[in-house]
1. Identify, from the list A:127, A:136, A:215, the residue that is among the charged types (D, E, K, R) and in contact with a strand residue (DSSP E or B) (Cβ under 8 Å, 6 or more places away or on another chain).
2. So which residues in the stretch B:686-717 are of a type in the set (Val, Ile, Thr) and more than 9 Å from chain A (Cβ to nearest Cβ), if there are any at all?
3. Among the numbered conditions (1) touching a residue at least 60 places away in the same chain (Cβ under 8 Å); (2) over 17 Å from residue B:268 (Cα atoms); (3) not hydroxyl-bearing (Ser, Thr, Tyr), tell me where residue B:652 comes up short.
4. Do we find a residue being assigned by TED's automatic domain parsing to the domain that holds residue B:110, part of a loop (DSSP other than H, G, I, E, B), of a type outside the set (D, E, K, R) and in contact with a Phe, Trp or Tyr (Cβ under 9 Å, 6 or more places away or on another chain) anywhere in the stretch B:209-232?
5. Looking only at the stretch B:41-63, count how many residues are within 30 Å of residue B:171 (Cβ to Cβ) and either open to solvent by 10 Å² or more (accessible area, probe 1.4 Å) or among the basic types (Lys, Arg) (or both).
6. Which condition number in (1) assigned to a helix (DSSP H, G or I); (2) closer than 18 Å to residue B:584 by Cβ is the one that residue B:638 fails?
7. So which residues in the stretch B:157-182 are open to solvent by 20 Å² or more (accessible area, probe 1.4 Å), not charged (D, E, K, R) and not in a strand (DSSP E or B)?
8. Of everything in the stretch A:17-50, what is within 14 Å of another protein chain (Cβ to nearest Cβ) and more than 9 Å from ligand 1 (Cβ to nearest atom)? Give them in sequence order.
Amino acid sequence: MIQLTNIDKYYDSKFQRTYVLKDIILEVKEGEFLSVMGPSGSGKSTLLNIIGLMDSPSSGKYLLDGNSVLDLKEKVRVDYHRNFISFIFQAYHLIEEMTVYENIETPLIYKGVKSHDRESMVADLLDRFNIVAKKDLFPQQLSGGQQQLVGIARAIISKPKLLLADEPTGNLHSTQGEMIMETLKELNNEGMTIIHVTHNEKFAQYGKRIIRLEDGNIRSDTNRKT
Amino acid sequence: MTIRNFVRKPVTNLINLVGLAVSLALVIILSVYSYSELTTDNYHKNGDRVYLFGDLTKGIYTPAILKEHIDLSVPGVESTVRMASAWEAPTFQVGNNDPITSDLLFADEDFFKLLTYHPVEGNLESALKEPMSVVITTMLSEKLFGSDQAVGKTMKINNDKELTVTAVIEAPKANSCISFSAIASVATRKIVFPNGDEFTEWGWCNYQTFMLLKKGINPDETAKKILALYPEIPPDNSAAKLNPFTKLYFSAFNVYGNSYLHHGDKKKIMILVMVAALVLMIALVNFINIFSSQWLDKIKQTGVMKIIGAKRSTILLNVLSEAFLLFLVALFIAIILVGMINPFIQNYTGIRFNPQFIYSPGFILLSIAIVFVLSILFSIIPALRISSSNAIDNLKKTIEQPVSNSFFGGVLVTTQFIIAIVLLAFTVLVQKQVNFGSSDLGFNQNNIIGIKLTPQLNGKKEVLKKLLQEKPNVERISFTQYYPGKQISHWGTHQDINGVKKQLSFDTFNADATFFGVLGLQLTQGRFYSEDLTTDTKKMVVNETFLRENKMENPIGAKFVMGMGMDAGLSEIIGVVKDFHYKAVNEPIVSLVMQNEPNAFYCLVSLQTTDFKSLHRTIDEIKTASSQLSPSFPVEISFFDQAVENMYKSELEFQRTFSLFAGCAIVIGCMGILAMSLFMCQRRIKEIGIRKVNGATIAEVITLLNKNFVKWVAIAFVIATPIAWYTMHKWLEDFAYKTEISWWIFMVSGMLTLGIALLTVSWQSWKAATRNPVEALRYE
Ligand SMILES: Nc1ncnc2c1ncn2[C@@H]1O[C@H](COP(=O)(O)OP(=O)(O)O)[C@@H](O)[C@H]1O
Ligand SMILES: [Mg+2]
């Protein structure tokens, strides 16, 4: 599904060129659950952003679902974000002025789903994550784990093929973190491809495959035995 | 601390400062101007006992002979003073210097008893006693005599008789409805400008009659006594009263020509004061918006809120003093700005005031005090909001805070839009009215020049005509008493027309046969007179209003007596012209009689349209030729259309003032909206990122950001339309001929406001929407 070939990412400052990613070669197949680990500043977020079409590599090739996705027109890129890729963030990034319900509904509005259909789709997810009672609350009124659940609900409501999670458990207690990881695992079992970044060895083990980044290079790439 | 804060956000702070400074500058200009207008003539010692006799709405011209009768038989009057300008500005010549054209006022010798002036040289009490004496202003004295002492020196008037300077006065410090450069007695006028039966006939109304009443005398009863003096009360003056001099400036009386008497327009001043208030309001709204946004951000950033609970008063003081400092800096910039733009403002808008006034310590202290109050008043709301503990608690958990904040901001921005729409609509209307006023006057005004006939030219009219005819491009030449903006005689007589007794009241001037062709006037009945004066004497052409007012159905051939005394004789109406606006268009057209008498003040020359260069060469040649015929008097040549434009000078200046102020208001408002959108985008940067990640396009994000502004403009439009309509309606009330308040004025203003707002806001929205969401969403 994802094919990265010789991906470089660097920033030019006045005197030097700093490489964040260097010669990354990575293939991710549909249905995989990939954990990305590495020290802070090693380029994990950058890699995820490039995969998620939020950032573009300085050089290299990127095939998504067999199509090159470099230098996309805005319209095509937005289409990918509407139908193919979703994100979860460490800081949840919910819209503070909107209720839980409205937050989850947002992607559907941009996708152009009819209001009646939206209602039932949001209701299903609220039900699934056991947060029906919270639907009229604002994000600040929820615990971190609950906020991240809302974040996941918002991410998957558009039924994406690829879910990208940048340290989704970084702000959570371990029990809440585990709950989130369980949810991701469940989604993966249903067939969703997931790439998640984590610092936590235990949570990394939820992935079927683990890569470790160091100074912009992939140091190791191991498949977990099941 | 304040300076550091300023530097941290230079754009918004600059917007705040510049907006405040410019609006304060406008407020200073207008308040000083309004003050000087509103205190007009309040400095005369006896001012409260001085009155003008006449009917302000119909006419204030009275016969000279009236004074003699008042002096004789109205006991309550301490002193009566007639005043009249010289019909045409005369020339003064000292020795063999170049003659200087100057205005000249004639008044009776008690003039300085009624009105207070300060002499630099000479004694005002006796200055006008002797005939052929003259009192001049310091300004004229400098022109004529340089730095020499003027009293005792003589000067030649119109290259003829000699006047002796008996006093020099300084220009009054405050505004007055009376202004002159030189003043001589009425007795002098009798000698230098003898004018028919001006002093013996009740029908010759060339003067204004002012009087000083004794203390405690009732003006209304005195007016009745004066009216009783008339052998026959003229129609114009049947409701004549004694009008208090101190209120004269803001009365709408009519004077003709280069009069010594001016009036102001209270409504205009009110409107300008309102506009200044609106400009200030827009700047203050900017101030509140920018100021409170900044403080909210700052508090969030620095975590000051922890200490607020304990030391709320410190924060309050901090906020207030920063506001005051900003206002103070703005005030000083404004004062410097006023000094810089004052000459431009005076030229462009005709707003005149004494610029020294703004540097006086009294004024500066007062304005600092006002600015202090303003800054406290307008920062106390944000200051309280900031320091109130509720808002602070909510800063971290920002549930309702952004909502209330955007609502508050919304109300303020809507207010700005309302002001913008009203001002724009009004600007369009003023423009429309001025265009309406000067567009269709009913006569041709292009490619005509006017040569003012000096006494020497007047004697050589036929020679002048011959000379002009030889010049290229010259089409027609006419001699007339009419010139746009110059004095027009007004007559009131009782007449017997075809056996019916009629009371006639009309404007009248002399015009020759070519006059009608030069101005392109349209005949509706009868004929114009022929060029041959020998057969066509004592003929008259009247306008349509003359027929209407005097209910004449068959005017052609009607005869009545024109002229007085020796000249009097029956004249015959031979033609009727379509009404045309020979006076300013906001004055209603009245009855007009044109006679083919030879006496003229101007020579009109119509020129064929050719290229600009050759036109100017012709004008130069005309100037040289006529100057040769008039060696002792400078010849004035002017463009007819410019003279017409001068008749609308006050409207034109009002239009300019208004557009200028409205323009400033809108620019300041725009800057405020820019700052608002800047804040709004900054505050929503994360939200925008989230939305984009969730599939929003750039267009959708921009729409989201602009939506509020569109909503506010829409609300503002609904509120502004009736306000604008009402003020327009009020303003137009004063015009005899008014333009329509068309619906498109509002549409244009609304659309323009929307356009300007969207353009301003979209700049920021675009920047925010095209940003890479990665930056906004990076976890810090
Ligand atoms: N816009 C940028 N300009 C320069 N350097 C950047 C920029 N964005 C990220 N970096 C650098 O790239 C490196 C990798 O960042 P990131 O991918 O966020 O690391 P990680 O997520 O692994 O902690 C960091 O050292 C960061 O300083
Ligand atoms: Mg990271």
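1. On the way: A:127 fails: in contact with a strand residue (DSSP E or B) (Cβ under 8 Å, 6 or more places away or on another chain); A:136 fails: in contact with a strand residue (DSSP E or B) (Cβ under 8 Å, 6 or more places away or on another chain).
From the options A:127, A:136, A:215, the qualifying one is A:215.
2. The initial filter retains those residues of the stretch B:686-717 that are of a type in the set (Val, Ile, Thr), namely B:688, B:690, B:693, B:697-698, B:701-703, B:710, B:713, B:715.
Within the stretch B:686-717, B:688, B:701, B:702, B:703, B:710, B:713, B:715 qualify.
3. Going through (1) touching a residue at least 60 places away in the same chain (Cβ under 8 Å); (2) over 17 Å from residue B:268 (Cα atoms); (3) not hydroxyl-bearing (Ser, Thr, Tyr) one by one, residue B:652 breaks only (2).
4. If we filter the stretch B:209-232 for residues that are assigned by TED's automatic domain parsing to the domain that holds residue B:110, which is where we start, we get B:209-232.
Adding the requirement that they be part of a loop (DSSP other than H, G, I, E, B) leaves B:214-218, B:228-232.
So of that shortlist, the ones also of a type outside the set (D, E, K, R) come out as B:216-218, B:228-231.
Checking the rest, the ones that are also in contact with a Phe, Trp or Tyr (Cβ under 9 Å, 6 or more places away or on another chain) come to B:230-231.
Yes, the stretch B:209-232 has at least one match.
5. Residues flagged as within 30 Å of residue B:171 (Cβ to Cβ) and either open to solvent by 10 Å² or more (accessible area, probe 1.4 Å) or among the basic types (Lys, Arg) (or both) within the stretch B:41-63 amount to 11.
6. Of the numbered conditions (1) assigned to a helix (DSSP H, G or I); (2) closer than 18 Å to residue B:584 by Cβ, the odd one out for residue B:638 is (1).
7. First pass over the stretch B:157-182, keeping only residues open to solvent by 20 Å² or more (accessible area, probe 1.4 Å): B:158-162, B:164, B:166, B:170-175, B:179-181.
Filter once more, keeping what is not charged (D, E, K, R): B:158-159, B:164, B:166, B:171-172, B:174-175, B:179-181.
Result: B:158, B:159, B:171, B:172, B:174, B:175, B:179, B:180, B:181.
8. Matches in the stretch A:17-50: A:50 only.
The values are calculated or read from the model by the stated rules, or taken from the named source; none is laboratory data. It should be emphasised that the depicted structure is a prediction, and the values quoted were computed from it without experimental measurement. Positions of Cβ are backbone-derived with ideal geometry, glycine not excepted, and every protein chain shown enters the neighbour counts. Quick note on the areas: whole protein, heavy atoms, side chains included, nothing else; ligands and nucleic acids left out. Shrake-Rupley method; radii C 1.70, N 1.55, O 1.52, S 1.80 Å.
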